Amino acid sequence: MVNAAMHYTLYGIQRSGSFSIEAALAEAGQSVQLIDIDIYNDQQHTDDYRALNPVAKLPTLRLPDGQLLTESAAILLTLADRHPGLLPTGTPAHPDRPQALRWLLFLATEVYAAIEWVDYPERLAPDAPDPLRQRLVERLRQRWLLLEAAISGDPWLLPSGFSAVDIYIANLSRWSLGREWRDANLPRVQRLTRAVTARPAIAPIWARHFPDQVG
């Protein structure tokens, strides 16, 4: 296990998936250099950034030994291996760890991936009709209802308490759902998010990424 403070470099931008990684590093007490990638001016498609992340998405994390990591779930799992406390661990294996991994991967594959099609349906179908757009939103919301029902902690996802999966939930819940729908249908997710954003290490990061959703 790696416990000493290390230096990471995180490529991202406010309101993006880089929040999850920055917040996890803060919880682990690790220093990080932040490098903004201006996706609004297509900086993610430059040759320099594609050399770091060939699929031209955020976030990308450079580890202290120089390795590059993409894919938020893989980054969070790597950080949890290096910095105990981000996911349930123990010998024998913590009983909550299988569910932590289950829902971490669910968020990455069933939620995060779907958000791209909700936000940019033209990438799936250049002439996407409105019914397709609405069906994509409904599918994403159905996934969130499954996660809502699975929250079994108080207020965390897992009975054993806070984990990096809670950070991931808070981050992804800010996108593409519609605030009114989220407030009406995801009370557990909302309570979990408030608890995540109240954590001392995370609060200032949340305020910088989502200044319109503080408190």
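Read-outs: derived from the displayed coordinates by stated rules, not from any lab. Because the structure is predicted, anything quoted here is derived from the model rather than measured. Every residue, glycine among them, receives a Cβ derived from its backbone with ideal geometry; neighbour counts consider all protein chains shown.
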Using a Gaussian network model on the chain with a 10 Å cutoff between Cα atoms, which of P59, P84, P129 fluctuates the most? P129
If you find the alpha carbon centre of the stretch 10-27 and of the stretch 52-111, how far apart are they in angstrom? 13 Å
Could you line up R208, R123 from fewest to most neighbouring Cβ atoms inside 10 Å? R123, R208
Could you give the size of the charge dipole of the stretch 87-215 about its Cα centre, using +1 on the Cβ of each K and R and -1 on the Cβ of each D and E, expressed in debye and rounded to the nearest 20? 260 debye
Rounded if a/c is under 1.5, else prolate if a/b is larger than b/c, else oblate: which is the chain, with a ≥ b ≥ c the root eigenvalues of its Cα gyration tensor? oblate
Kirkwood hydrodynamic radius of the stretch 7-82, Cα pairs, Å: 12.3 Å
With an 8 Å Cα cut-off and a minimum separation of 6 or more residues, compute the relative contact order for the chain in percent. 21 percent
Reported to two decimal places, what Rg/Rh ratio describes the stretch 97-196 when computed on Cα atoms with Rh from the Kirkwood expression? 1.00
What is the distance in Å between the Cα centroid of the stretch 123-146 and that of the stretch 185-206? 26 Å
Expected max-MSF residue from L61, L145, L107 in the GNM of the chain (alpha carbon, under 10 Å) is L145
Highest-MSF residue in the chain out of A201, A93, A150 [GNM, Cα springs under 10 Å]: A93
